[in-house]
Amino acid sequence: MEKTSGVVEIRNLKTDMVWLFWANDYTQDCASQRFKLDLGMHECASLQKDYTQTGLEVFRFDMIEQTTDPSRLAKLKNVTDNQYM
């Protein structure tokens, strides 16, 4: 089974704030992000605070650009700095 890679957003549906990250394996990397959030250990403190206060129900994970081309993924990484805005 081929891995799906690309840029993923975690969107807070209550505030419409978004955390962007790049995934080499969409399923595994989303599970990893969720695991960190569930444990209260996410690297983005403001995302973690919102998640802790509201819970998973107001967050959505979406692939916003899919690619299996490693060079395209590298380019996407350069323009999608990990921010919660």
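The values are calculated or read from the model by the stated rules, or taken from the named source; none is laboratory data. None of these values were measured; they are calculated from a predicted model. Neighbour counts are summed over all protein chains in view; Cβ atoms, including those assigned to glycine, are modelled from backbone coordinates with ideal geometry.
So, in region 41-59, exactly how many residues are on the phi > 0 side of the Ramachandran plot and at pLDDT 95 or above?
From region 41-59, those on the phi > 0 side of the Ramachandran plot are 55; that's our starting set.
If we keep only those that are at pLDDT 95 or above as well, we get none.
Residues flagged as on the phi > 0 side of the Ramachandran plot and at pLDDT 95 or above within region 41-59 amount to 0.
Of everything in region 1-41 that's among the acidic types (Asp, Glu) and out of contact with any Leu (no Cβ under 6 Å at 6 or more places or on another chain), which residue is farthest from Leu56 (Cα to Cα)? Talk me through it step by step, then tell me what you get.
Filtering region 1-41 for residues among the acidic types (Asp, Glu) gives 2, 9, 16, 25, 29, 38.
Those still in the list that are out of contact with any Leu (no Cβ under 6 Å at 6 or more places or on another chain) too: 2, 16, 25, 29, 38.
On the way: Glu2: 28, Asp16: 14, Asp25: 21, Asp29: 16, Asp38: 9 Å.
Looking at the filtered set, the residue picked out is Glu2.
Taking Leu20, is it under 14 Å from the mean Cα position of the chain (by Cα) and assigned to a helix (DSSP H, G or I)? Explain how you work it out, then say what you get.
Working: under 14 Å from the mean Cα position of the chain (by Cα): yes; assigned to a helix (DSSP H, G or I): no.
Against the criterion (under 14 Å from the mean Cα position of the chain (by Cα) and assigned to a helix (DSSP H, G or I)), Leu20 does not qualify.
For region 33-70, enumerate the residues that are farther than 17 Å from Tyr84 by Cα, under 13 Å from the mean Cα position of the chain (by Cα) and assigned to a helix (DSSP H, G or I).
Phe35
Is it fair to say Gln83 is at pLDDT below 95 and exposed (fewer than 14 other Cβ atoms within 10 Å of the Cβ)?
On the way: at pLDDT below 95: yes; exposed (fewer than 14 other Cβ atoms within 10 Å of the Cβ): yes.
Yes: the conditions hold for Gln83.
Please state which of the following conditions Thr15 fails to meet, knowing it meets all the rest: (1) under 25 Å from Lys75 (Cβ atoms); (2) of a type in the set (Ser, Thr, Tyr); (3) not in a helix (DSSP H, G or I).
(1)
Could you say which residue among Asp38, Asp29, Asp62 is surrounded by 14 or more Cβ atoms within 10 Å (Cβ to Cβ) and either at positive phi or not aliphatic (A, V, I, L, M) (or both)? Walk me through it before giving the result.
Working: Asp38 fails: surrounded by 14 or more Cβ atoms within 10 Å (Cβ to Cβ); Asp62 fails: surrounded by 14 or more Cβ atoms within 10 Å (Cβ to Cβ).
Just one listed residue meets the conditions, Asp29.
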